Amino acid sequence: MNQPAIADLLHPITWPEGFKAAASFTFDVDAESCTIAHDPTSTRRMSLMTHQSYGPKVAVPRLLKILERQDIRATFFIPGFTAESYPDIVRQIVDGGHEVGHHGYLHEPMQGIDAATEASYMDRGLEALAKVAGVRPVGYRAPWWELNWHSPGLLADRGFLYDSSLLDGDAPYRFAVAADDPRDIVEIPVDWTLDDWEQYAFYPGVTGSGVIESPAKVLEMWTLEAEAHHSQGSCFVLTNHPFISGRPSKAVALEQLIERVKGMDGMWVTTMEEIARHTKATVTEIHTHARIDVPVFPGAGAAFTPAAVREGALK
Ligand SMILES: [Zn+2]
């Protein structure tokens, strides 16, 4: 039954004996952290805070029951601040046999920050998970899936096995943390198609498209994705947020999706850690991500920027 991926020729992988594709259900337990990081004054908004706390308070216990009923293990990426705010919930997740991954401390915006600052977020997140639940995560998912070029090296410094924040594959792969640093970590790529944020997230003045999709439509879309990954031998990774997908009709649809994915012949439904360990053990090729340099046009005397174009510098 083993067969290399045919969909992602850049990242071929052979799955464990008996499996021909993989699937992992992941939950980012952002709770209040993502709104506070975006706007510290959001803590003054009682209703908004309850919209976020619904995740750990109501949704996670519901989701844990679903996972137990379906007899699958999932991966929960938990910001340190969430862990400190809801220690019992983190312990319930661990007691349920699920994996806990790192997801920043306060779901900090990562775009453009320096390595030292990002390292301090990582370390504070690690301290929180260790203190609350005695967990040392092997997996990292950057807040908003926003890695910087220096991030992989910081992860390797801290012994992380894998990251799940990049978007350039359908299957897991290994990559060098920098062009001049051969240490490697595993990447398990993600896709906005498989994120509940785009389907359901809406809060006035905070986020969302203004459309809260029908779970029936989302179930159909995600089933199509799972079927495609299954037929192509690649890796289906669903990213859900408990405060979004743990609400009643969405949780029902999620359980239906889990049943469908489990029912796909030869689909390995497991944690991200298991997928990463298999990748590390069996894949030998190490990829390198090439940084893009902004093109400079000869004679123009300026880098290619929209302003330069507007000003006629580039002709
Ligand atoms: Zn998040």
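Mean separation of Cα pairs under 8 Å and 6+ residues apart, divided by the residue count of the stretch 13-71: what relative contact order is that in percent? Once normalised by length, the contact order is 27 percent. Amide hydrogen proximity for ALA23: with H placed 1.01 Å from N in the peptide plane, the residues at 5 or more positions away or on another chain lying under 5 Å are PHE236, TRP268, VAL269, THR270.
Taking other C-beta atoms within 10 angstrom as a stand-in for reagent exposure, GLU225, GLU273, GLU285, GLU17 fall in the order GLU17, GLU285, GLU225, GLU273, fewest first. Is the stretch 174-297 best put as rounded, prolate or oblate by its Cα gyration tensor, with a ≥ b ≥ c the root eigenvalues, rounded for a/c under 1.5, and otherwise prolate when a/b is larger than b/c, oblate when not? Oblate, because a/c is 1.5 or more while a/b does not exceed b/c.
Under the 0.36 nm per residue contour assumption, what length would be gained going from the current alpha-carbon distance of LYS57 and GLU198 to full extension? Write out the running numbers ahead of the final one.
On the way: separation 141, 0.36 × 141 = 50.76 nm, distance 2.27 nm.
Length gained between LYS57 and GLU198: 48.5 nm.
Find out how many positive minus negative residues lie around THR284, taking Lys and Arg as positive, Asp and Glu as negative, among other residues whose Cβ is under 12 Å from that of THR284. Before the final figure, lay out the partial values.
On the way: positive: ARG174, LYS280; negative: ASP184, GLU285.
Around THR284, the surrounding residues sum to 0.
For the options ILE66, ILE113, ILE89, a Gaussian network treatment of the chain with springs between C-alpha atoms closer than 10 Å singles out ILE113 as fluctuating the most. When the Gaussian network model of the chain links Cα atoms closer than 10 Å, the mean-square fluctuations of ASP123, ASP181, ASP191 top out at ASP181.
Counting pairs of alpha carbon atoms under 8 Å apart in space and at least six apart in sequence, what relative contact order in percent does the chain give?
Values: 606 pairs, mean separation 77.7, N = 315.
It comes to 25 percent, rounded to a whole number.
A simple spin-label model places pseudo-atoms 7 Å from Cα toward Cβ; at SER120 and GLN232 they are separated by 4.2 nm.
Legend: distances between Cα atoms for LYS65/LYS217; LYS20/LYS65; LYS65/LYS250; LYS20/LYS280; LYS57/LYS250; LYS131/LYS250; pairs beyond 21 Å are LYS65/LYS217; LYS20/LYS65; LYS131/LYS250.
Values in this text are rule-based calculations from the coordinates and carry no lab data. What you see is a predicted model; the values in this text were computed from it and never measured. Cβ: placed from backbone, ideal geometry, glycine included. Neighbour counts: every protein chain shown.
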